[in-house]
Amino acid sequence: MPTVSKQNRSPYRFPLHGYVGLLIIALAEILLFGGNQFVGHWFTPIVWTGYILFVDALVYRIKGWSPLMSDRLEFLLIAVISIGAWWLCEFYNAPRFWNPQSSELWWHYHNLEPNPYLRRVGYDWAFATIFPLLFLTAEVMVLTLFRRATHGPALKFSKLILIIAVIAGAVGVEAPLIYPSRWFAPVIWLSFVLLLDPVNAMRGYPSITGDLGRGDWRRLWSLLASGLVCGFLWEFFNYWALSKWTYTVPYFGNIKIFEMPVLGFLGFPPFAVECWAIYIFVRSLLQPGRKDLRPGEIFMRAS
């Protein structure tokens with residue numbers, strides 16, 4: 001049986017918080033199925049916090065750098081941007097914000113905490129996990145499955161094409177606000193990509209557009225794969241939780257995997273790309289002129 005030489009082993013240790021993360025996930029599952037009401041109602045933010053701790057430790061084990069080990073301020077900023085971005089999604093999902101007679105369009109929450117202040121804590125805690133878990137999973141993908149995808153076909157886009165994409169994205173962003181409809185759900189998961197990624201590229205910041213122009217497909221494939229993996233886990237964890245969400249989808253809505261109509265899983269990969277484009281755009285506004293992505297491929301951080 002072949003052995004792994006010391007030269008081929010990662011020189012970096014697996015941090016303690018990774019084991020804590022695994023323990024949190026395991027205990028949360030045990031308590032959930034054991035009927036614990038507290039864990040059942042707070043299961044989503046608890047289990048995803050454990051996941052983030054584990055995957056961050058995995059990134060450090062592979063690369064020797066991770067947000068929680070090396071750049072906690074950046075990690076906190078990502079969590080804050082994540083909260084704001086998902087409240088934006090909630091704004092699209094709930095026309096009641098501007099039309100009190102309307103209810104949620106696409107996803108609906110059940111069995112939430114009755115105290116409005118605690119419920120807000122639960123919302124923000126859960127929303128804060130979205131960007132970190134997507135980006136950490138994508139970082140693992142960059143470092144493993146797609147680390148060699150740097151010499152693919154180069155797709156160069158003219159400035160005119162980028163401007164057209166921005167206009168199309170702007171129309172897609174505005175249309176569901178002007179005419180709220182259940183049929184517009186896919187538009188939301190694509191429009192911000194078209195709107196913001198070309199803007200990031202034209203401003204000289206990291207972008208999928210710029211990556212493809214150099215024939216570097218690592219980030220795109222990694223984000224798409226991360227969205228699919230995390231989307232499946234979102235629905236898996238959500239299915240048995242006491243506080244949960246369900247969906248109303250007008251096309252093949254009765255064919256489901258867990259609570260998600262099967263076609264809905266197609267939205268998770270572009271959603272991950274969208275989250276990354278939003279992060280880069282907001283990050284560029286907070287610290288203009290800083291355009292690096294090292295040593296992480298997904299995270300923007302100081303040199």
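Results, tabulated for the structure shown:
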item: Under Karplus coefficients 6.51, -1.76 and 1.60, residue-wise ³J(HN,Hα) of the stretch 165-171 in Hz, glycine/proline x; result: 4, 4, 5, 4, x, 5, 5
item: Euclidean distance between Cα centres, the stretch 158-210 to the stretch 50-95, Å; result: 23
item: Candidates I52, I130, I163, ranked by Gaussian network fluctuation over the chain, Cα under 10 Å, top entry; result: I163
item: Packing rank of 58-68, 139-149, where each peptide gets the mean count of other beta carbons within 10 Å, highest leading; result: 58-68, 139-149
item: Table column - 3J(HN,Hα) (Hz), the stretch 62-70, Karplus curve with 6.51, -1.76, 1.60, x for Gly and Pro; result: 7, 10, x, 8, 7, x, 6, 8, 10
item: Whole-Hz ³J(HN,Hα) from phi, Karplus 6.51 cos²θ - 1.76 cosθ + 1.60, for the stretch 235-250, glycine and proline x; result: 6, 4, 5, 5, 4, 9, 5, 7, 8, 8, 10, 10, 10, 10, 10, x
item: Debye log10 I(q)/I(0) at q = 0.11, 0.13 Å⁻¹ for the chain, Cα point scatterers; result: -0.72, -1.00
item: Positive-end residue of F75, W183, W86, charge dipole of the chain with Cβ unit charges; result: F75
item: Accessible area per residue, Å², the chain with all protein chains present, probe 1.4 Å; result: 50
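The values are calculated or read from the model by the stated rules, or taken from the named source; none is laboratory data. Since the model is a prediction, treat every value here as computed from it, not as a measurement. Every residue, glycine among them, receives a Cβ derived from its backbone with ideal geometry; neighbour counts consider all protein chains shown. Each accessible area value is taken on the protein alone, full model and side chains, heavy atoms only, with ligands, DNA and RNA left out. Shrake-Rupley method; radii C 1.70, N 1.55, O 1.52, S 1.80 Å.
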